[in-house]
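*Asks:* I'd like to ask some things about the structure below.
The values are calculated or read from the model by the stated rules, or taken from the named source; none is laboratory data. Since the model is a prediction, treat every value here as computed from it, not as a measurement. Cβ coordinates were reconstructed from backbone atoms using ideal geometry, including for glycine residues, and neighbour counts include every protein chain displayed. Just so you know, the surface numbers come from the protein's heavy atoms only, side chains and all, with ligands and any DNA or RNA stripped out. Shrake-Rupley method; radii C 1.70, N 1.55, O 1.52, S 1.80 Å.
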Amino acid sequence: MPFPKFGQLIVMGAIMVALIGSDVSAGSVTGTASYRERIAVPEDATLYIELQDISLADAPAVTLAAQRYVLSGVPAEFELTYDDALIRDGMTYAVRGAIYRGSQLLFTTDTVYPVLTNGAPDTADLLLVKTGGPTSAGLENTSWTAIGVDGAVLNSERAPQLDFAQGGAFSGSGGCNRFTGQAEISGNSLTFPDNIAATLMACPPEMEQVEDQFFAALQNVVSYAVAGDSLALLDSAGDPVLKFIRTQ
């Protein structure tokens with residue numbers, strides 16, 4: 001195999017430098033993470049921060065960048081670096097955070113924190129809510145209206161409703177059809193049955209789409225967090241798949 005000539009080496013080197021230099025254009029999102037409770041952070045706690053694409057209402061949020069930090073106290077500062085090529089005008093991005101002790105989820109965000117596009121800043125001050133203990137107790141005899149599904153704000157003429165009675169009994173409306181069932185609740189753990197009994201009314205396409213998303217999200221719920229008049233139903237990764245406001 002013949003070796004390249006000196007002039008060819010110079011051209012090849014210039015091309016490589018250009019390629020390397022244009023490989024990644026990095027941006028960053030900065031901010032703080034904290035919680036209201038006046039309790040010490042466990043010594044082995046970690047803070048997990050994600051930048052997510054939440055543009056599609058009918059699809060789960062997509063994680064674009066993530067970073068885990070050793071957590072010694074709050075408020076804790078973070079800086080999350082991402083690839084600029086992943087960010088597109090007109091799309092919607094948000095930062096979420098969670099605090100873990102090993103695999104145990106202790107705190108999580110239950111509010112959407114938009115960043116980067118649509119006039120949102122490149123900073124976010126996250127307020128996390130406790131997922132266990134007194135702040136997540138007391139679902140019995142409460143009623144909730146859905147405001148978010150799979151990381152996206154829910155815009156619907158008739159939003160899904162969820163009511164809890166005693167002993168895990170629940171009922172409500174997907175926006176068109178009524179449903180009822182028996183959930184398993186233990187501490188902050190919450191799971192819904194695979195087959196939820198529901199009426200079978202014909203629904204307008206827009207309502208049917210929202211209702212399908214709502215029922216699909218219920219199947220991914222493994223825990224919950226209550227903060228004041230807000231309820232977040234979380235999946236196994238600690239991500240809020242459904243968000244509600246209290247109506248009773």
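*Asks:* For the range 40-63: of the residues being within 15 Å of Thr92 (Cα to Cα) and surrounded by fewer than 16 Cβ atoms within 10 Å (Cβ to Cβ), which is modelled with the highest pLDDT?
*Replies:* Ranking the candidates gives Thr63 first.
*Asks:* Another question about this same structure. Determine which single condition Gly168 fails, assuming it passes every other condition in (1) in contact (Cβ under 8 Å) with a residue 24 or more places away in the chain; (2) over 22 Å from Leu71 (Cβ atoms).
*Replies:* Tallying (1) in contact (Cβ under 8 Å) with a residue 24 or more places away in the chain; (2) over 22 Å from Leu71 (Cβ atoms), Gly168 fails exactly one: (1).
*Asks:* Of everything in the range 151-193, what is within 30 Å of Pro114 (Cα to Cα), out of contact with any helix residue (DSSP H, G or I) (no Cβ under 6 Å at 6 or more places or on another chain) and of a type outside the set (A, V, I, L, M, F, W, C)? Give them in sequence order.
*Replies:* If the condition is that a residue be within 30 Å of Pro114 (Cα to Cα), out of contact with any helix residue (DSSP H, G or I) (no Cβ under 6 Å at 6 or more places or on another chain) and of a type outside the set (A, V, I, L, M, F, W, C), then Gly151, Asn155, Glu157, Arg158, Gln161, Asp163, Gly172, Ser173, Ser189, Thr191 are the ones that fit.
*Asks:* Mind listing just one residue for me: the one in the range 88-106 that is under 15 Å from Gly238 (Cα atoms) and open to solvent by 10 Å² or more (accessible area, probe 1.4 Å) and, of those, nearest to the chain's Cα centre (by Cα)?
*Replies:* Going through the qualifying residues, I end up with Arg96.
*Asks:* Any residue in the range 16-34 that's over 30 Å from Lys130 (Cα atoms): show its pairings with residues that are modelled with pLDDT of 75 or more and in a strand (DSSP E or B) at Cβ separation under 6 Å, as long as the two are six or more apart or on different chains.
*Replies:* Val24/Asp83; Ala26/Thr81; Gly27/Tyr82
*Asks:* Leu162 is checked against (1) touching a residue at least 12 places away in the same chain (Cβ under 8 Å); (2) open to solvent by 10 Å² or more (accessible area, probe 1.4 Å) and fails just one. What number does that condition carry?
*Replies:* All conditions pass for Leu162, except number (2).
*Asks:* Only strands (runs of 3 or more DSSP E) wholly contained in the range 138-248 count here; list those with 1 or more residues that are in contact with a strand residue (DSSP E or B) (Cβ under 8 Å, 6 or more places away or on another chain) and modelled with pLDDT of 90 or more.
*Replies:* 142-149, 161-164, 169-173, 178-182, 189-191, 230-234, 240-246
*Asks:* From the list Val149, Val153, exactly one residue is out of contact with any Gly (no Cβ under 9 Å at 6 or more places or on another chain), more than 28 Å from Gln104 (Cβ to Cβ) and not basic (Lys, Arg). Which is it?
*Replies:* Every option except Val153 fails the conditions.
*Asks:* Looking only at the range 107-117, count every residue that is open to solvent by 50 Å² or more (accessible area, probe 1.4 Å), in a strand (DSSP E or B) and either in the same structural domain as Val149 (by the TED database) or modelled with pLDDT under 90 (or both) and tell me the total.
*Replies:* Going through the range 107-117 one residue at a time, the tally reaches 0.
*Asks:* Could you go through the range 145-153 and let me know if any residue there is touching a residue at least 12 places away in the same chain (Cβ under 8 Å) and over 26 Å from Ala66 (Cβ atoms).
*Replies:* Within the range 145-153, one or more residues are touching a residue at least 12 places away in the same chain (Cβ under 8 Å) and over 26 Å from Ala66 (Cβ atoms).
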